[in-house]
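These notes concern the structure reproduced below.
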């Protein structure tokens, strides 16, 4: 039995299949369903968990080389949310692009983890190093 780290067996299975330069989507609760990629829904109630909660849980074992995110995130969220993301990803390349461009990357991801995050444009695409 697992005692620490990622305990969810579906998330563990998905993470074990992400290889060098593959991508993993961390999505907010309003992100569209993509039938062509595996989706793990972790939503419980509004904001439980958030994208940053899941990211924080992944970072100790997931080697992130680059993160794609919508430029609209910075325009639609307060300084606290922006700083929390930047602090968590300190040293990781952030690629800002329009939300519609970000969505074009989704079908090529290994999988998608849906959260209950209600912050606008909080979706991230993690590229494995």
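The values are calculated or read from the model by the stated rules, or taken from the named source; none is laboratory data. This structure is a prediction, so every number in the text was calculated from the model and none was measured. We place every Cβ from the backbone using ideal geometry, glycine too, and count neighbours over all the protein chains shown.
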**Message:** Take the residues in segment 73-125 that are in contact with a helix residue (DSSP H, G or I) (Cβ under 8 Å, 6 or more places away or on another chain) and over 22 Å from residue 48 (Cα atoms); name whichever of them is surrounded by the fewest Cβ atoms within 10 Å (Cβ to Cβ).
**Reply:** 98
**Request:** Within segment 82-97, track down each residue that is part of a loop (DSSP other than H, G, I, E, B), out of contact with any strand residue (DSSP E or B) (no Cβ under 7 Å at 6 or more places or on another chain) and either within 11 Å of residue 121 (Cα to Cα) or touching a residue at least 24 places away in the same chain (Cβ under 8 Å) (or both).
**Result:** none
**Message:** Tell me whether segment 31-43 contains one or more residues that are farther than 18 Å from residue 107 by Cβ and over 16 Å from the mean Cα position of the chain (by Cα).
**Reply:** no
**Prompt:** Of all residues in segment 50-61 being touching a helix residue (DSSP H, G or I) at 6+ places or on another chain (Cβ under 9 Å) and either at pLDDT below 95 or in a helix (DSSP H, G or I) (or both), which is nearest to residue 119 (Cα to Cα)?
**Reply:** 51
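Scanning segment 1-21 for residues that are in contact (Cβ under 8 Å) with a residue 40 or more places away in the chain and in contact with a helix residue (DSSP H, G or I) (Cβ under 9 Å, 6 or more places away or on another chain), which turns out surrounded by the fewest Cβ atoms within 10 Å (Cβ to Cβ)?
The residue in question is 5.
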**Fill in**
Being within 20 Å of residue 17 (Cβ to Cβ) and touching a strand residue (DSSP E or B) at 6+ places or on another chain (Cβ under 8 Å) narrows 110, 43 down to just 110
**Asked** Which one of these is at pLDDT 95 or above and part of a loop (DSSP other than H, G, I, E, B): 19, 66?
**Response** 19
**Prompt:** Any residue at all in segment 36-51 that is free of Cβ contacts under 8 Å to residues at least 40 places away in the same chain and either exposed (fewer than 15 other Cβ atoms within 10 Å of the Cβ) or under 24 Å from residue 129 (Cβ atoms) (or both)?
**Reply:** no
